[in-house]
Amino acid sequence: MRIITLGIGSVLSLLFSSVLSDTVIAQTSSFSEQHYSSNDFANQSSLPSLSFTNHYVLGAGDQIKLDIFDIPEVQNIQQTVLVDGTITLPWVGKVSVAGLTPQSAEQTIATLYDPYLYNPLVTLEILQPRPLQVGIVGEVKRPGGYTLRIGTEAGESNTSQQRIRYWPTLTQAIQAAGGITRTANVRAIQIQRPSEGTISVDLWKLIESGDTAKDIVLRDGDQILIPVASEITLEEITQLSSSSFAPDKITVNMVGQIASPGALQIPLNTSLNQALLTAGGFNERADEQTIKLVRLNPNGSVTQREITVDLAQGINENNNPILQEGDAIIVERSSIAAASDNVRQVSSPLLNILGLLNFLF
């Protein structure tokens, strides 16, 4: 995107060119424009509208403003790029701009105006970028396609050049997909980008050291893959569950002699005791001394262990562990309830026979 500023050199150039031709030739003065690589994008979650000149690719839905210097008919033209990737301009009609950077689009439009104007100077500005369409698969709660909007905040002068763009990042896409699962391998995330191929991302460095450069700023068409971790420790699971891109809640299953059995959604880092109380506690038939905790491990194996219940215990791995996604808590019958059930099972046929005899006699 080229911004026209006329300094002393530009004025002299204009005066000199006016002697040679009735057409005024506008020369752009040099200015300092920042260009960002992928890493630079990752370092800033909000970028000014100038920052993506060499990176952003126009597409359907972009709102743009077009000017050709000193041509009133082509001043402050505001359009939205159509579904077919075109805009319509005076004199030249439809122009395809989809797939071009703003600078490339300026050059393309300038070439189309060459037959009508002497050295046309075209400025194309993006007023509002289109929402990003990205896909995310693998170890997230809700894999699929997502539309991520680009936020805009006006600067001091409230001009389009001063608007700040808040670009969606990798962690925001993961949050939109419901957060990672506990088996996610955040060290080996891959982003398939049409223009650059595969980008490997280690989000663990963001968790460990706060390296925000790893929270890559996304682009339209990115495909995100979060693979399964072959091994993951309890400490790592705890760290991941506390990260900004972990899900807000997990689901555990309450089975057996519970006041409200069934699937239970609980906040992250909820302990066994808290889950029992959330489900209403034990019913009158429950064995309140021991429960079974069934857990699906990251490597695909299943473990089952008995836990002695002590509601007075704080969080600890032996009596009151932190629960994980998919855990099943099984509360069995107490010995008294079991004995009563056995007596009922044996006596029920006899009572039926006695009832029949009473009916006959």
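The values are calculated or read from the model by the stated rules, or taken from the named source; none is laboratory data. These figures come from a predicted structure and were not determined experimentally. A quick note on method: Cβ atoms are made from the backbone with ideal geometry, for glycine too, and the neighbour counts reach across all protein chains shown.
Data for the structure
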{"item": "Meets criteria (of a type in the set (D, E, K, R), modelled with pLDDT of 70 or more and surrounded by 15 or more Cβ atoms within 10 Å (Cβ to Cβ)) for D310", "result": "no"}
{"item": "Subset of the stretch 177-214 [modelled with pLDDT of 90 or more and either of a type in the set (S, T, Y) or not assigned by TED's automatic domain parsing to the domain that holds I232 (or both)]", "result": "T198, S200"}
{"item": "Odd one out for Q172, checked against (1) in a helix (DSSP H, G or I); (2) farther than 21 Å from R130 by Cβ; (3) modelled with pLDDT of 90 or more", "result": "(2)"}
{"item": "Candidate set from the stretch 133-169 (those that are of a type in the set (A, V, I, L, M) and modelled with pLDDT of 90 or more); member that is farthest from H55 (Cα to Cα)", "result": "V140"}
{"item": "Options I136, I87, I64; residue that is in the same structural domain as A188 (by TED's automatic domain parsing) and not in a loop (DSSP other than H, G, I, E, B)", "result": "I136"}
{"item": "Residue identified as modelled with pLDDT of 85 or more and acidic (D, E) among D84, D70, D40", "result": "D84"}
{"item": "Residue check, G300 free of Cβ contacts under 8 Å to residues at least 12 places away in the same chain and not in a strand (DSSP E or B)", "result": "yes"}
{"item": "Hits in the stretch 93-107 (condition: without any contact (Cβ under 8 Å) to a residue 24 or more places away in the chain and either buried (at least 16 other Cβ atoms within 10 Å of the Cβ) or not polar (S, T, N, Q) (or both))", "result": "G93, K94, V95"}
